[in-house]
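First the structure, in the form of structure tokens, and then the observations on it.
We did not get these values from a lab; they are worked out from the coordinates using the rules stated. Just so it is clear, the structure is predicted and the values come from calculations on it, not from any experiment. Note: ideal-geometry Cβ built from the backbone for every residue, glycine included; neighbour counts use all protein chains shown.
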């Protein structure tokens, strides 16, 4: 899985019928300190993630191993909304405080 | 899924029999502002996308989770024709106006 | 799928028994104007492609969705021999004329 | 599979129900001498790996071929904790001594 | 599939039970002239490949389409030991002579 930040969404009305009603988010991969990689993908979501949320994205066939997506033509799915990232011995992200300033993150 | 722009097509008469009648588009990946990445792929299409259309492409096994493609040897499929992209708080693409000039997109 | 050019082959006698009799081509990915990317892969072929042919290659599990390959440990397969590539409004490749000189391709 | 080093973890309470109780590690890919590649991923673990451990990570659908993960939406899994790496004729890593100093590793 | 050279191995005693008894090789991808790419992976092997051997590696789900690996959590497998590579009209590798000196390979 990768860590990403929700930065937008895509809307499509002419789409495969199995995707009707599925929210499609635009997600940018971020590193454990919150720096964006520039890599972006359109990711299905059934957990209610919104703009700015930090999420876990499962890629490939893994995206279809949930009750909602098992027959959908999706290759990327939000499988978790991140509460905390622990990196190199300390917290670099919490949902309350976001990524720390200066890349230092909230104190442990 | 990735966002791509239809830039051409490939024609093949000697091909696997399961691909007979399947349209194969040439698609370039684009970012949410419409800049091409240079990465191109041949993508199956059953939605009727045409030159210049901005599309959602599912990659890998996801490409076979539709009624039309479920037994086909395809690793990339148009699963949606994009109507609108919302990125960083505003619309950067609509099917009516395309990507905005100067990378600013149509106003929200 | 990607577009590639057949540039050689690999021969292996000590191989998994399911691969006995399967031709393994060396293929380099090319762009729609015929420029090689430098990325090469060994690709199974049951369509009779030969040196210099421009082919469509399906990657990943897609390579096993044909009658000949469905139980084989292959991750790349020639699924078509390309007759024509149309890119940016004109033909850049035909099987008769190859890729055009100066990157202009045969006239439409 | 790739070789990685456990450098942290991700915590998510709002996640797909199939992931409840699954530990999610942050892993950085390393080369056989222990140099980090900068590529990081969130990886499921049922073997009890901890910070600093050197692990084998299976990616893609392979991550679901264990008793614990077979129905989970995971695309990366710790499938082994590495005891020894032999590279270019000598040991470059042992679980007792870690990666050797100066990239030379413990003596064989 | 890719062409690789066996450059070492990884040993793990704490691993998923389905991997018990499976040899795990360290393999570096090489081009058709034998130049290493720097990309390395841990690859399962049931064909008896050893250090220095040039091998064909199947990646992804393809790695599980053999009698020995069909239920294993492996994403890369040696599916052939290479006897000969033919590239650009001549042999660049034979198992008897290796890759030719000066990148010219043995004569055809």
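A few comments on the model shown:
- Nitroxide proxy distance, nm - points 7 Å out along Cα→Cβ at residue A:97 and residue C:88: 5.1
- Distances between equivalent label points of residue B:68 across the copies, with each point positioned 7 Å along Cα→Cβ, amount to 2.6, 2.6, 4.3, 4.3 nm, shortest listed first.
- Counting, for every residue in D:51-58, the Cβ atoms of other protein chains within 10 Å of its Cβ and taking the mean gives 4.
- Beta bridges by DSSP in segment C:2-83, antiparallel share as percent, to the nearest 5: 95
- The C-alpha atoms of chain C occupy a region whose extents along the principal axes are 47, 23, 21 Å, arranged from largest to smallest.
- Averaged over A:66-77, number of beta-carbon atoms from partner chains that fall within 10 Å: 6
- GNM flexibility winner over chain B from B:28, B:17, B:71 (Cα, springs under 10 Å): B:17
- Using a 7 Å Cα-to-Cβ projection, residue A:48 label spacings across copies, nm, ascending: 3.7, 3.7, 6.1, 6.1
- Modelled FRET efficiency - R0 41 Å, residue E:18 with residue B:13, Cβ distances, 0.05 increments: 0.40
- Candidates A:64, A:14, A:33: whichever shows maximal mean-square fluctuation once chain A is modelled as a Gaussian network with Cα springs under 10 Å: A:14
- Whether the protein assembly as shown is rounded, prolate or oblate, judged on the alpha carbon gyration tensor where a/c under 1.5 counts as rounded: oblate
- For peptide D:86-95, the mean count of partner chain Cβ atoms within 10 Å of a residue's Cβ comes to 4.
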